[in-house]
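The values are calculated or read from the model by the stated rules, or taken from the named source; none is laboratory data. Everything quoted here is computed from the prediction, not taken from an experiment. Note: ideal-geometry Cβ built from the backbone for every residue, glycine included; neighbour counts use all protein chains shown. The accessibility values were calculated without ligands, DNA or RNA, using every heavy atom of the protein model including side chains. Shrake-Rupley method; radii C 1.70, N 1.55, O 1.52, S 1.80 Å.
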There are 6 protein chains.
Amino acid sequence: MSTIQRPSGRSPNSLREVRFTRHFTQHAEGSVLVEFGATKVICTASIEDKVPGFLKGKGQGWLTAEYGMLPRSTHTRMDREAAKGKQSGRTQEIQRLIGRSLRAAFDLEAFGERTLHLDCDVIQADGGTRTAAISGAMVAAYDAFSKMLAAGTIDAIPVKQFVAAVSVGVYRGQPVLDLDYLEDSDCDTDMNVVMEDQGHFIEVQGTAEGHAFERATLNQLLDLAESGIAEIIQNQKRALGLIS
Amino acid sequence: MSTIQRPSGRSPNSLREVRFTRHFTQHAEGSVLVEFGATKVICTASIEDKVPGFLKGKGQGWLTAEYGMLPRSTHTRMDREAAKGKQSGRTQEIQRLIGRSLRAAFDLEAFGERTLHLDCDVIQADGGTRTAAISGAMVAAYDAFSKMLAAGTIDAIPVKQFVAAVSVGVYRGQPVLDLDYLEDSDCDTDMNVVMEDQGHFIEVQGTAEGHAFERATLNQLLDLAESGIAEIIQNQKRALGLIS
Amino acid sequence: MSTIQRPSGRSPNSLREVRFTRHFTQHAEGSVLVEFGATKVICTASIEDKVPGFLKGKGQGWLTAEYGMLPRSTHTRMDREAAKGKQSGRTQEIQRLIGRSLRAAFDLEAFGERTLHLDCDVIQADGGTRTAAISGAMVAAYDAFSKMLAAGTIDAIPVKQFVAAVSVGVYRGQPVLDLDYLEDSDCDTDMNVVMEDQGHFIEVQGTAEGHAFERATLNQLLDLAESGIAEIIQNQKRALGLIS
Amino acid sequence: MSTIQRPSGRSPNSLREVRFTRHFTQHAEGSVLVEFGATKVICTASIEDKVPGFLKGKGQGWLTAEYGMLPRSTHTRMDREAAKGKQSGRTQEIQRLIGRSLRAAFDLEAFGERTLHLDCDVIQADGGTRTAAISGAMVAAYDAFSKMLAAGTIDAIPVKQFVAAVSVGVYRGQPVLDLDYLEDSDCDTDMNVVMEDQGHFIEVQGTAEGHAFERATLNQLLDLAESGIAEIIQNQKRALGLIS
Amino acid sequence: MSTIQRPSGRSPNSLREVRFTRHFTQHAEGSVLVEFGATKVICTASIEDKVPGFLKGKGQGWLTAEYGMLPRSTHTRMDREAAKGKQSGRTQEIQRLIGRSLRAAFDLEAFGERTLHLDCDVIQADGGTRTAAISGAMVAAYDAFSKMLAAGTIDAIPVKQFVAAVSVGVYRGQPVLDLDYLEDSDCDTDMNVVMEDQGHFIEVQGTAEGHAFERATLNQLLDLAESGIAEIIQNQKRALGLIS
Amino acid sequence: MSTIQRPSGRSPNSLREVRFTRHFTQHAEGSVLVEFGATKVICTASIEDKVPGFLKGKGQGWLTAEYGMLPRSTHTRMDREAAKGKQSGRTQEIQRLIGRSLRAAFDLEAFGERTLHLDCDVIQADGGTRTAAISGAMVAAYDAFSKMLAAGTIDAIPVKQFVAAVSVGVYRGQPVLDLDYLEDSDCDTDMNVVMEDQGHFIEVQGTAEGHAFERATLNQLLDLAESGIAEIIQNQKRALGLIS
């Protein structure tokens, strides 16, 4: 389908190997190491028995997400945000995206006045950290709710739909799926897509890095994203033992 | 085309009245009051004769954007970000979007070691402040470069393409163009689109507020955005006296 | 009376044109664009149905003020305070002055456990922004209380006295009224005076910019301020339709 | 002259005992404990061999001031500003006032590219801390320059004029000089005055705490300030051994 | 015992003169100027009638400490932490040490739901500021509790044991007691020791500045600390009139 | 030797299993996962080709350390320091300790004007995170210098001595080595010890959590630390292939 060689040798519509390691750390209600190839993110889900002020007394829950990168998860060391005293605009943008995406996955009215905190910490970055984070947080959150179900705290896992995310982009003129760092730092268009398991969209965020992109290209990218996300959701469900 | 009544009585594919008032304040090299209906944003473009550290000595320019809202530009008063000591994640996300969009409009290599600062300050908000800001900043920046051209500082206005932005969304099941506050606070899908004058995309940012949206809906929304942005770019050029 | 030519051609005891545009923006309970010549400040008055902690349960109200300048309201662009993460000492000094001045105008015990927030945002600066802000905030606050009166929330507008402010200074040896930027940046003594409608003082803040000033000069400056403020208060009342 | 009893038993035109203890701490180039009655402020003057960026290469010096209060210098403990992470508006206002006042005392062009840092730290507060600070900083700065003169670094002490400050106010209807805490917390009008040794004004900052004040009252207060400051300047010069 | 000359001429096991001046300032419940030679620290103890959130309703008290240095307490001026907007790591480390040490001295369960705030502010530094602060805070806290006892607020001073602190170190190969600045800035090992009046340890914090130190050296240093602290505790009790 | 049962069943002088996994992440010059039982810390060593300002032009290197905990590395979720905008006093204290300890291990004058950044991030906490961090950072730093040696950038690994750290404490009256969380949260005395491979001390930091501790106890604890650290250093060298 293409004469362009991807740095990884993958075909344009191939994901990197996607792995979910559950119970990665021991304290969190849900804890998942998600790997999209060499990108590795620890996603933990923590249940807290209270909600933010604006929800108090409404009988419903809340879900919020935070994102961080270890200083040397990247090729050259980044400053530590805790030491600088503020989170970058990029960090805030990503954690807002993770939060919105996961709030679409769960029924906030169905788990009482509790907050689910999702922490996504990148320990190794090779492109696609935000999409890996969303996909891993889905599994961690599911595990946390399973634990609550097992403990009898809730009657059912309040999942509305599975969500997962992937990046797509135009690398040397070729639309490709799931960009790694080499592609990401040299691509023309970069798009992050979040979908649910019916193939509908939760978020579409596309940016022309170099040239503006045409409607036809956008369509090719969305096709790639659709197939990639369907595959990731299969992986999520398999990791959780919901399908085999 | 639709049986849904928009609160403003507009048809689904109608923009609000779009106005650009140039030379709105007197000190900035470019100063524009942009109005999308009742949404009013002051966009100023300021030229500074230096570049950030990472560009020093490279002979090229830089363009950056900041965004703010007056505390009572909104229905209920918001806290002043300067008094709180930090900009919200939303603010940072918007100013990053404005910056990326406008960097697509101008050739940064063609105006020397200078920085163009775009300041977009909302004085009255009624939905669509970020898309109005992008559209107004385009005109303010153009004016600032015109001033430099007139002064002989540059040989040509370093414009690559005109850019403008509009919001689209699904209001009560109906895809509509250029949402006002009443629609925005009650819509299912919300998308901000930035395009250039050839009809290609600079940014597409769509979010499912309630239900996930289908590919067909996405396409309808993009159709609306295309026509709306083309109209806004006509308005920009007319305001600048480039067309009549 | 003087052989010194003011840059504006005004006589020493002349104000610039003072204008109050009410209902300048639509959301605030009171919203005024005040202009002292080319100095333009948006003053909004917002009513909030609660008071700070130290006043809870005391049955009285509170009034507080904030001040800001758009980054390019000035000749050269200033850094945005929200982006820097702190308000300058000058900003805090000015907003404390506005708050004290307006608390002298209204009877805080007469409008219930509510807070009146005054936001004064400079969109174009040409000297005298703080005195314009005080004078405009008076009108915005009056409008906000009128709205409450009309709604039956209060029985009377809790005004004790009208207040207004003006700057005076010594420009090239000549005491002058209402300094514009050219005078302000080249003057010897700079004084901001706040008075009420009986001709008594609320605040007197005089600073020797160059040489220390004599008692006689101080007296001449106060004479100028008295006449200027009386005129501004007439303007305020006329703008509010209280006199014709 | 009055039937009002001041809490201290002083007559209306009496200062509290004013004392300057030079060489109070050992490291600073100038170090003075200034006492206005029970108000005690440590004022140190430190010479640094560089100037702020905006003065580099101009061959002139700079003078700047900072002010602080020990948390329990006051009747009830205040939060430590270093722990809160910001200086209050009041603190910034006061340190700006001290800086302006002392810059009027010395010739900044006559001591080379050096910065004189004045630190005024209140260890016990009983009203009038800012006026004590200004008066003490004058002596500390003079001492620091004397040390430079003795070391041959400068040819003359770059003093233009001595400055000192005092508060005046209306206590129970009676204009009084040098308010202590009991008076200050119960007065109608509060004014801080800074003057030089010719009897001219550097700063006049008057505030109506309760009722607006009349011109006649202002004049009485200025009379009191004039006589008080003349006396403080005599004390400063005596402490420095310039007069006996 | 040694052929090394200490800069001060003291013998290796000699303290500097230790002085406690009680009632140093007038507002605090306890206020002590502690001097270890030329090191001078103002220690105040303030009683507040509430406890932090985590202790509310438990019927017990809390004790917390803060530490600061006046900018020119040192040889060269340090930046003011309040102006920088944050306390250094060193400051936080020291105030945590003071707090832990003093919480060992008093029975927190025996003075009701109150907080004792200890503020230790260095006005002149010559080495050993943290050990002087701990030793002085002990006396200030005792005084504050005495005042409460006298007022009948508590039935007994809730002291469990007296605590004091001293520094020891290896200066030019010689273990010495109570290092001054000249020794501190040129020593090999530096240790701060906090003990109670039975000769047991509260804190031991030793750091190899140059070479790692041997167990035998550690023992010599602890011997010196034991004798020094015993002497300081005698001084504390004498200052409080508990022994003569 | 004891009748006390440790929660883990270990004997009083037993370490938990200590493991060093080198090359844990791929970008850093040195990257080690260190495990002390269930405590897991990622230690990366990053070389940067510049030094802080105070060392510029001196031809020597610098080494600095930072420490963090993932929010859910602990039993209950902690707030993210980057989101709070500041590092806690505990965090700063720990990273200062790691920095001092590792600066004792390497010859800063022998690797040119470069900075070695050590980042220690706890992904799972079960007591002893700071001692694990120091021990792991030693291996990561060694690996980073090995890489520089292999690249010919330096002529020899600038190691002066190996350093490692361990905690010791008194648990239910029994001195024990290498406390886990259950012991740490219920112990009387807690001490962190850093030593080098000759058995000398770099740091000794002991705190009486409950009762003050006697000299004899201190000696028992130091004996335990000595043997534990010797064992950890063997592990470090074995992990690096320096011994077998």
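Rounded to the nearest 500, what is chain C's calculated 222 nm mean residue ellipticity when only DSSP H runs of at least 4 contribute -39500 (n - 2.57) each, over all residues? Don't jump to the answer; show the numbers that get you there.
Numbers: 5 runs with 70 residues, N = 244.
Only helices count here, giving -9500 deg cm²/dmol.
Report the per residue volume, in Å³, of the convex hull enclosing the C-alpha atoms of region A:1-102. Spell out each step's value before the answer.
On the way: hull volume 17.8 nm³, N = 102.
Cα-based convex hull of region A:1-102, divided per residue, equals 174 Å³.
Going by average Cβ neighbours within 10 Å, how do the peptides E:130-137, E:93-100 rank, with the highest at the top?
Values: E:130-137: 30.6, E:93-100: 22.0.
By packing density, highest mean first, the sequence is E:130-137, E:93-100.
Using a 1.4 Å probe and counting only protein heavy atoms, how much accessible surface gets buried when D and C come together, both sides summed, in Å² to the nearest 100?
Working: alone 11720 and 11700 Å², together 20910 Å².
Heavy-atom accessible area buried at this interface is about 2500 Å².
Which listed residue (B:150, B:134, B:182) has the Cα farthest towards the positive end of the charge dipole for region B:113-244, taking +1 on Lys and Arg C-beta and -1 on Asp and Glu C-beta about the Cα centre?
Farthest towards the positive pole: B:150.
Using +1 on the beta carbon of Lys and Arg, -1 on that of Asp and Glu, and nothing else charged, what's the dipole of region C:97-174 about the Cα centre, debye to 20?
Details: 7 positive and 8 negative charges, 62 e Å.
That gives region C:97-174 a dipole magnitude of about 300 debye.
Taking a label point 7 Å from Cα toward Cβ, how far is residue F:78 from its twins in the other copies, in nm, shortest first?
Those label-point separations list as 2.1, 2.5, 3.3, 3.3, 4.0 nm.
Based on the alpha carbon coordinates of region C:172-225, what radius of gyration and maximum Cα-Cα distance (Dmax) apply, in Å?
That works out to 11.2, 32 Å for Rg and Dmax.
What value in Å³ per residue do you get for the convex hull of the alpha-carbon atoms in the protein assembly as shown?
On the way: hull volume 331.1 nm³, N = 1464.
With only Cα atoms used, the protein assembly as shown gives 226 Å³ per residue.
Note down the relative contact order for chain A as a percent, whole number, built from C-alpha pairs under 8 angstrom at least six residues apart. Mind dumping the intermediate values first?
Numbers: 529 pairs, mean separation 52.8, N = 244.
Rounded, it is 22 percent for chain A.
To the nearest 10 square angstrom, what accessible area does residue D:62 show with a 1.4 Å probe?
Number for this one is 60 Å².
Taking the Cα centre of each part, how many Å lie between region B:61-116 and region B:170-193?
24
Applying a 10 Å radius around every beta-carbon, put D:55-61, E:101-107, E:77-83, B:154-160 in order of their mean neighbour count, most first. Intermediate values should be presented prior to the final figure.
Details: D:55-61: 13.0, E:101-107: 22.0, E:77-83: 18.7, B:154-160: 15.4.
Going by the mean number of other Cβ atoms within 10 Å, highest first, we get E:101-107, E:77-83, B:154-160, D:55-61.
Please report the Cα spread of region D:132-178 along all three principal axes, rounded to whole Å, starting with the longest.
Result, largest extent first: 53, 16, 8 Å.
What is the P(r) of chain C, as percent of Cα-Cα pairs per 10 Å bin from 0?
So the P(r) values, bin by bin, are 8, 32, 35, 19, 6, 1.
In percent, how large is the relative contact order of region A:83-193, given Cα pairs closer than 8 Å and 6 or more residues apart? Numbers along the way, then the final one.
Values: 126 pairs, mean separation 29.8, N = 111.
Answer for region A:83-193 is 27 percent.
Can you return the lysines within cross-link range of residue E:84? Criterion is Cα-Cα under 18 Å, with same-chain partners fewer than 8 residues away left out.
Filter leaves A:84, A:86, B:84, B:86, C:84, C:86, D:84, D:86, F:84, F:86.
Which aspartates and glutamates have a Cα lying under 17 Å from the Cα of residue D:58, excluding residues fewer than 8 positions away in the same chain?
Partners found: D:48, D:49, D:107, D:109, D:113.
Once R0 is set to 60 Å, what does the formula 1/(1 + (r/R0)^6) return for the Cβ-Cβ distance between residue E:216 and residue D:78, expressed as a FRET efficiency to the nearest 0.05? Spell out each step's value before the answer.
On the way: r = 49 Å, r/R0 = 0.81.
Efficiency computed from Cβ-Cβ geometry: 0.80.
Within 10 Å of each Cβ of C:117-125, how many other protein chain Cβ atoms are there on average?
Working: counts 5, 1, 6, 0, 8, 0, 9, 7, 3.
Per residue, the average neighbour count from other chains is 4.
If you take the square roots of the eigenvalues of the alpha-carbon gyration tensor of region E:1-42 and sort them as a ≥ b ≥ c, do you get rounded (a/c under 1.5), prolate (a/b over b/c) or oblate? Display every interim value, and only then the final one.
Values: a/c = 6.19, a/b = 4.00, b/c = 1.55.
Taking the square roots of the gyration eigenvalues as a ≥ b ≥ c, region E:1-42 is prolate.
Could you work out the Rg to Rh ratio of region B:48-164, with Rh taken as the Kirkwood radius (inverse of the mean 1/r over all Cα pairs)?
On the way: Rg = 15.6 Å, Rh = 15.3 Å.
Ratio value, two decimals: 1.02.
Using a 1.4 Å probe on the protein heavy atoms only, what accessible surface does residue E:231 show? Give it in Å² to the nearest 10.
90
So for chain F: antiparallel DSSP bridges make up what percent, rounded to the nearest 5? Present the calculation step by step, with values, prior to reporting the outcome.
On the way: 42 of 50 bridges.
Approximately 85 percent, going by the DSSP bridge assignments.
How large is the accessible surface per residue of region B:71-150, computed with a 1.4 Å probe and reported in Å² as a whole number? Could you put the intermediate results ahead of the total?
Working: 2260 Å² over 80 residues.
Solvent-accessible surface per residue comes out at 28 Å².
Hey, got the average number of other protein chain Cβ atoms within 10 angstrom for residues in E:211-217? Write down the numbers at each step before the final one.
Details: counts 6, 14, 4, 4, 7, 0, 2.
The per-residue average across the peptide is 5.
Hey, any idea what % of region D:20-65's accessible area is carbon plus sulfur with a 1.4 Å probe? Write down the numbers at each step before the final one.
Details: 880 of 1830 Å².
Looking at region D:20-65 in its full context, I get 48 percent from C and S.
How are the Cα pair distances of region D:119-244 distributed, in percent, across 10 Å bins from 0?
For region D:119-244, the pair-distance distribution reads 13, 39, 30, 13, 5, 0.
In region B:129-223, which GluC sites (Glu not before Pro) are in a loop and have at most 14 other Cβ atoms within 10 Å, using DSSP for the loop call? Intermediate results must be reported in sequence, preceding the final value.
Details: sites: B:183, B:196, B:203, B:209, B:214; in loops: B:209, B:214.
In loop regions of region B:129-223 (DSSP not H, G, I, E or B), the sparsely surrounded GluC sites (Glu not before Pro) are B:214.
Semi-axes of the equivalent ellipsoid of region E:24-65: what are they in whole Å, largest first, if each equals the square root of 5 times a C-alpha gyration tensor eigenvalue? List each step's numbers first, then the result.
Numbers: eigenvalues 170, 27, 7 Å².
Semi-axes (√(5λ), whole Å): 29, 12, 6.
Looking at region E:19-129, what % of its DSSP beta bridges pair antiparallel, to the nearest 5?
Working: 20 of 28 bridges.
Just about 70 percent of them are antiparallel.
Label-to-label distances across copies for residue E:57, with labels 7 Å out along Cα→Cβ, in nm, shortest first?
Result, one decimal in nm: 1.8, 1.8, 6.4, 6.4, 6.6.
If R₀ is 35 angstrom, what is the calculated FRET efficiency for the pair residue C:160 and residue E:55, using the beta carbon separation as r and rounding to 0.05?
Numbers: r = 45 Å, r/R0 = 1.29.
Efficiency for this residue pair is about 0.20.
Taking the Cα centre of the protein assembly as shown as origin and charging only Cβ (+1 Lys, Arg; -1 Asp, Glu), how large is the dipole, in debye to the nearest 20?
Numbers: 156 positive and 192 negative charges, 1 e Å.
Dipole size: approximately 0 debye.
Per residue of C:89-95, what is the mean number of Cβ atoms on other protein chains within 10 angstrom of that residue's Cβ? Spell out each step's value before the answer.
Details: counts 9, 3, 4, 9, 7, 2, 3.
Across the residues of C:89-95, the mean count of other-chain Cβ atoms within 10 Å is 5.
Averaging sequence separations of C-alpha pairs under 8 Å and six or more residues apart, then dividing by the length of region F:138-212, give the relative contact order as a whole percent.
23
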